[in-house]
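*Asks:* Right, I'll just put the structure down here and ask away after.
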Amino acid sequence: MIQTTDLLKMKQNQDKIVMITAYDYPSAKLAEKAGVDVILVGDSLGMVVLGYDSTIPVTLEDMIHHTRAVKRGAKETFIITDMPFLTYHLSVKDTLLNAGKLIQEAGAHAVKLEGADDVIEHIAALTSAGIPSCAHLGLTPQTVGILGGYKVQGKDAVAAKKLLEDAKKCEAAGAFALLLECVPRQLAAEVSQVLSIPVIGIGAGADVDAQVLVYHDILGYGVERVAKFVKQYQSIDNQILDAIKAYAVDVRTSQFPEERHSFTMKEEELNALYG
Ligand code: KIV
Ligand code: NA
């Protein structure tokens, strides 16, 4: 299985790192079978599998529950789990206990935290405690209320400079990787150049060390709108719809179940039953 040190080597060798989200047993099983390098149990699960309209309502218990399922499906893949809203902003002790649950109880190999500033000391504490952490800058969905929507970040020079400085602080605090979401590709390229840890992009252009996309987005599975940065490789909603509709027709027209789907009793048992 890939470790954080292997990811660093992959960056050094300029081998691109493949990451995808997964939220349950079947998605994890297929991601592992497809040979991805890293699985992210993202708090995007709040939107794509739980139907919330943001990641804010997602709880630590939700993340533990889904990480466990992912772990059962992908025993040989490096798993990063998102720390959800407000689970790493109180005391450092709370952060360690919460991250500890994701690692110890749920089986994640690493955690991911959004933001810099006050979050830096939490990254440092996790590192000291032996918990690998991935930083997440740019568009940070847990602070959508302050960002005022899901918008590209770091477009002007001032914001770009702050992001670059924040990225360096995350690395200095011991983050093993940095995820950049929705930032101009030139800025992401610069951050990847300047940092020695792998930079994972989503909507961050091609010049980063790794790419991540949301499972349901690449499959066209239950998502109404996809962002500009998504490449959709399938549209499985249509296949699922067709299958369920065909099943409904079969039931209503008594075409299902057929003989081959049914169990039978022996004649003599039937005779004994009815005497
Ligand atoms: O929750 C999530 O899926 C993420 C993405 C940036 C991939 O954090
Ligand atoms: Na997330």
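The values are calculated or read from the model by the stated rules, or taken from the named source; none is laboratory data. Just so it is clear, the structure is predicted and the values come from calculations on it, not from any experiment. Please note: Cβ atoms are built from the backbone with ideal geometry, for glycine as well, and neighbour counts cover all protein chains shown.
*Asks:* Within the group E181, E190, which residue is in contact with a Leu (Cβ under 7 Å, 6 or more places away or on another chain) and either farther than 19 Å from D43 by Cβ or modelled with pLDDT under 95 (or both)?
*Replies:* Result of the check over E181, E190: E190.
*Asks:* Looking at (1) surrounded by fewer than 17 Cβ atoms within 10 Å (Cβ to Cβ); (2) out of contact with any helix residue (DSSP H, G or I) (no Cβ under 9 Å at 6 or more places or on another chain); (3) farther than 23 Å from I79 by Cβ, which is the only condition A188 fails?
*Replies:* Every listed condition holds for A188 apart from (1).
*Asks:* Take residues that are in contact (Cβ under 8 Å) with a residue 12 or more places away in the chain, among the acidic types (D, E) and within 25 Å of V38 (Cα to Cα) and tell me which of the helices (runs of 4 or more DSSP H) falling wholly in segment 143-202 contain 2 or more.
*Replies:* 157-172
*Asks:* Quick one: is A110 within 16 Å of ligand 2 (Cβ to nearest atom), in contact (Cβ under 8 Å) with a residue 12 or more places away in the chain and buried (at least 20 other Cβ atoms within 10 Å of the Cβ)?
*Replies:* Yes.
*Asks:* For the subset of segment 24-48 comprising residues that are touching a Gly at 6+ places or on another chain (Cβ under 8 Å) and closer than 12 Å to H66 by Cα, which member is nearest to ligand 1 (Cβ to nearest atom)?
*Replies:* Per the stated criteria, the residue is S27.
Yes/no matrix, rows are residues, columns are (1) more than 22 Å from Y88 (Cβ to Cβ); (2) more than 13 Å from ligand 2 (Cβ to nearest atom); (3) modelled with pLDDT of 95 or more:
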{"site": "T4", "(1), (2), (3)": "no, yes, yes"}
{"site": "L8", "(1), (2), (3)": "yes, yes, yes"}
{"site": "N13", "(1), (2), (3)": "yes, yes, yes"}
{"site": "V18", "(1), (2), (3)": "yes, yes, yes"}
{"site": "Y23", "(1), (2), (3)": "no, no, yes"}
{"site": "K29", "(1), (2), (3)": "yes, yes, yes"}
{"site": "V41", "(1), (2), (3)": "no, no, yes"}
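*Asks:* Could you identify the single residue in Y52, Y88 that is among the hydroxyl-bearing types (S, T, Y), touching a helix residue (DSSP H, G or I) at 6+ places or on another chain (Cβ under 8 Å) and touching a residue at least 24 places away in the same chain (Cβ under 8 Å)?
*Replies:* The unique qualifying residue is Y88.
*Asks:* Residues of segment 1-23 being of a type outside the set (A, V, I, L, M, F, W, C) and within 13 Å of ligand 1 (Cβ to nearest atom), which ones?
*Replies:* Matches in segment 1-23: T21, Y23.
*Asks:* Further, regarding this structure: Taking the condition of being within 18 Å of L86 (Cβ to Cβ) and either in contact (Cβ under 8 Å) with a residue 40 or more places away in the chain or within 12 Å of ligand 2 (Cβ to nearest atom) (or both), how many residues in segment 121-142 meet it?
*Replies:* Qualifying residue count for the region: 9.
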